[in-house]
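Okay, structure first, notes after.
Just so it is clear, none of the values below were taken in a lab; they were calculated from the coordinates. No experiment lies behind these values; they were computed from the predicted model shown. Glycine also receives a Cβ, built like all others from the backbone with ideal geometry; neighbour counts cover every protein chain displayed.
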Amino acid sequence: RQEQGGSIKQPNVTVLVASAGDNMLRERMKLTNVLWDANISAEFSQQENPKLKFEIANALDRQIPFMVIVGEEEAKQGKCKVKDLNARTEDTVNVSDLVKTLRSKGVVPVGCEFAVEMLNGESD
């Protein structure tokens, strides 16, 4: 498949929600739910305490473009980190601004990809 110019590993989600620290499953679930409510394709590890470096490696391997990372301090402050894996940037944002931040970086709600392609095609 690689020789044909395609990759077997296509990202089936746009955002991988991860955490730094122990006992953060509930926080990952809360953030993922915020994204799902905004119709953004996202997933999280259901392991109790996954290692962040393995989560990042997983996202890179699967070519998932964005990660949302929450740590104990961020959770207390109502914040999270948005990591753009393509641009290699990281921003700390309020959870209330998470969806707006991701949309400003080009994340499109599920089901709207075709409409965005049509609009982009018209501007060419």
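Tell me, what HN-Hα J-couplings in whole Hz come from the Karplus equation 6.51 cos²θ - 1.76 cosθ + 1.60 at θ = phi - 60° for each residue of region 17-32, using x for Gly and Pro?
Using θ = phi - 60°, the values come out as 8, 10, 9, 10, x, 8, 6, 10, 4, 4, 5, 4, 5, 4, 5, 4 Hz.
Convert each backbone phi in region 92-97 into a coupling constant with the Karplus relation 6.51 cos²θ - 1.76 cosθ + 1.60 (shift: θ = phi - 60°), then list the ³J(HN,Hα) values in order as whole Hz, x for Gly and Pro.
For region 92-97, the Karplus curve yields 9, 10, 5, 4, 5, 9 Hz.
Under the rule a/c < 1.5 gives rounded, and otherwise a/b versus b/c splits prolate from oblate, where does region 13-101 land using the Cα gyration tensor?
rounded
Given H placed on each backbone N at 1.01 Å, which residues far from Phe66 in sequence or on other chains put an amide H within less than 5 Å of it?
Close amide H contacts, sequence-distant or interchain: Leu16, Leu85.
Can you compute the modelled spin-label distance between Glu43 and Arg26, with each label point 7 Å from Cα toward Cβ, in nm?
In this crude spin-label approximation the distance works out to 2.5 nm.
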